[in-house]
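See below for the structure under consideration.
The values are calculated or read from the model by the stated rules, or taken from the named source; none is laboratory data. Everything numeric here is computed off the predicted structure, so don't read it as measured data. Please note: Cβ atoms are built from the backbone with ideal geometry, for glycine as well, and neighbour counts cover all protein chains shown. Just so you know, the surface numbers come from the protein's heavy atoms only, side chains and all, with ligands and any DNA or RNA stripped out. Shrake-Rupley method; radii C 1.70, N 1.55, O 1.52, S 1.80 Å.
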Amino acid sequence: MSKLDELLVEVAALVESGRSNQMSLTVVAGGAVITGRLAPEAVWRERVSEVLAASARLSNFSAVFTAMTGKEGPPTHLHFHVARILQGAVGIPETGGMYRVAIEDVSAWTIGDFSYSDH
């Protein structure tokens with residue numbers, strides 16, 4: 001997007017201010033469709049850090065996600081958890097993943113998450 005979608009920035013700001021993880025959103029970014037729930041950045045970072053800390057191979061990366069930057073201004077990224085990349089009739093990963101998407105890369109979006117079925 002050449003100009004940020006102000007409404008999407010407002011949605012992200014409300015998620016950040018309320019520390020809520022109940023806003024479902026579907027976005028198209030870089031040709032990929034990502035659907036799931038938004039989380040405040042601090043909550044998202046904490047969860048990523050926990051997952052990495054529990055990994056024998058990746059635990060050294062855990063601290064990167066616990067260091068918060070004291071940046072000011074509106075959100076620049078969407079932080080998805082329990083999210084999937086939709087590919088045909090399949091959602092990857094099945095259990096849901098954690099994705100960070102730059103708001104400037106979102107070309108389309110809608111409130112709610114898409115369900116998919118193999119039936």
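Observations on the model:
Residue-by-condition table, conditions (1) touching a Ser or Thr at 6+ places or on another chain (Cβ under 8 Å); (2) at pLDDT 90 or above:
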| residue | (1), (2) |
| --- | --- |
| Phe65 | yes, yes |
| Gly70 | no, no |
| Gly73 | no, no |
| His77 | no, yes |
| Pro93 | no, no |
| Ala102 | yes, yes |
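- In the condition set (1) open to solvent by 60 Å² or more (accessible area, probe 1.4 Å); (2) among the hydroxyl-bearing types (Ser, Thr, Tyr); (3) part of a helix (DSSP H, G or I), Thr95 is compliant with all but (3).
- Members of the range 22-50 found to be among the charged types (D, E, K, R), open to solvent by 40 Å² or more (accessible area, probe 1.4 Å) and assigned to a helix (DSSP H, G or I), listed by number: Glu46, Arg47, Glu50
- The range 9-21 - residue that is touching a helix residue (DSSP H, G or I) at 6+ places or on another chain (Cβ under 7 Å) and of a type in the set (A, V, I, L, M) and, of those, most open to solvent (accessible area, probe 1.4 Å): Val9
- Val90 passes every criterion in (1) out of contact with any Gly (no Cβ under 8 Å at 6 or more places or on another chain); (2) within 25 Å of Glu10 (Cβ to Cβ) apart from (2).
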